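Quick notes on the structure that follows.
The values are calculated or read from the model by the stated rules, or taken from the named source; none is laboratory data. In this text the structure is predicted, and so the values were computed from the model without any measurement. Cβ sites come from the backbone with ideal geometry, for glycine too, and all protein chains shown count toward neighbours.
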Amino acid sequence: MVVTIDSAVNETISEEEAALYDRQIRLWGLEAQNRLKRSRILLQGMTPLSAEIAKNLVLAGVASMTIVDDRVATAEDAFNNFLIPDDAIGTTLACASLQRTQTLNPMVKVSANSSFLTDGFTSKVKDYDVIIVTIDPFKEDFSFWEAFDNKVSDSELRSAKPLFILAATLSWWGMAFLNL
């Protein structure tokens, strides 16, 4: 079975997708699900907040998610982040979270990259619709986000600028900045 929105848009989903995303399609409609299905997400930083964001977006059925974090996974990371298994301690956080994230939804292409910020940043950013940066306020300050946002806002990217979200949690408090 193939479900079609209308002949003008010609967006289709497979029978397998219709079964998997049935509740979502009934909640927000087929057009919204197809928009999700086309979304390419870059998730910078694999904090516990990132794990929740990744889980929710991958389960919702985005097209792809690239996880970027070159920090080395520690026992503390494995304890605090359900996407980091104990046997991944010592690898980068991006690579450590890859398998469990992919397991959530095999229909989503999940990849890890630890050199994104240094290798051809400007050309790579154009490949994403949404960039989400999470930080740990105990370990990082907002200067990283500012540098990232400045790179994304570069004049070369203005025509294809992705949506940009910064999010952080601090104990019971959370905050987000949206540059849409």
Legend entry - Qualifying positions in segment 79-94 - more than 16 Å from ILE67 (Cα to Cα), in a helix (DSSP H, G or I) and over 19 Å from the mean Cα position of the chain (by Cα): PHE79, ASP86, ASP87
Legend entry - Single residue of SER64, SER50, SER39 found to be hydroxyl-bearing (Ser, Thr, Tyr), under 26 Å from TRP173 (Cβ atoms) and either in the same structural domain as LEU163 (by TED's automatic domain parsing) or modelled with pLDDT of 95 or more (or both): SER50
Inset, instruction - Could you grab me the full set of residues in segment 18-52 that are touching a residue at least 40 places away in the same chain (Cβ under 8 Å) and either surrounded by 19 or more Cβ atoms within 10 Å (Cβ to Cβ) or assigned to a loop (DSSP other than H, G, I, E, B) (or both)? - result: TYR21, SER39, ILE41, LEU42, LEU43, GLN44, GLY45, MET46, THR47, LEU49, SER50, ALA51
Inset, instruction - Hey, could you check segment 111-128 for residues that are at pLDDT 80 or above and more than 11 Å from LYS161 (Cα to Cα) and say which is surrounded by the fewest Cβ atoms within 10 Å (Cβ to Cβ)? - result: SER111
Inset, instruction - Just need a number here: residues in segment 160-180 that are closer than 11 Å to LEU49 by Cβ, more than 13 Å from the chain's Cα centre (by Cα) and surrounded by 15 or more Cβ atoms within 10 Å (Cβ to Cβ). - result: 2
Inset, instruction - Go over the candidates ALA32, ALA8 one by one and state the one that is at pLDDT below 90, farther than 26 Å from PHE82 by Cα and not assigned by TED's automatic domain parsing to the domain that holds ILE165. - result: ALA8
Inset, instruction - Among residues belonging to segment 140-155 that are exposed (fewer than 12 other Cβ atoms within 10 Å of the Cβ) and modelled with pLDDT under 70, point out the one that is nearest to the chain's Cα centre (by Cα). - result: ASP141
